[in-house]
């Protein structure tokens, strides 16, 4: 198997998402903790963009397809039942892991249409 020598970058889908991430650092304890969880996930994604769980196309919310042109989606499970959602885009020279959003388990279930009991 040929080695992939493309550079890997982890970015946020837009400024609003990046600002929300930056605000976590200055927030209360739980926010700072979440900031560190996301940081750790980003480090893992820089080593292997496919580190998350690949979600089937049928589970991709229409909003992501319409708003961001997503054709693949990954879920990275963070501690304390948080979920980080990202997509991967690539070219001949680079791979981008694009963070779309993160949410707690309840809001993740709601977004992806899972029924909670």
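Below are the figures for this structure:
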item	result
Helical contribution to [θ] at 222 nm, DSSP H n ≥ 4, -39,500 (n - 2.57), averaged over the chain, rounded to 500	-11500 deg cm²/dmol
Net length gained if the chain between residue 15 and residue 53 were fully extended (0.36 nm per residue, minus Cα distance)	11.2 nm
The chain: most fluctuating residue of 58, 83, 50 per GNM, C-alpha cutoff 10 Å	58
Bins of 5 Å from zero: percent of alpha-carbon pairs in the chain	2, 10, 20, 24, 21, 13, 6, 3, 1, 0
Taking 70, 10 and counting other C-beta atoms within 10 Å, the order from fewest to most	10, 70
Within a Gaussian network of the chain (alpha carbon springs, distance under 10 Å), most fluctuating of 62, 28, 46	28
Relative contact order of the chain, defined on C-alpha pairs under 8 angstrom at six or more residues apart (%)	28 percent
Efficiency of FRET between residue 94 and residue 26 - r from beta-carbon atoms, R0 30 angstrom, step 0.05	0.45
Spatial separation of Cα centroids for region 84-117 and region 18-57, in angstrom	11 Å
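None of the figures in this text is laboratory data; all of them are computed from the coordinates on show. Bear in mind the structure is a predicted one, so any value in this text is a computation, not a measurement. FYI the Cβ positions are ideal-geometry reconstructions off the backbone, even for glycines, and counts take in every protein chain you see.
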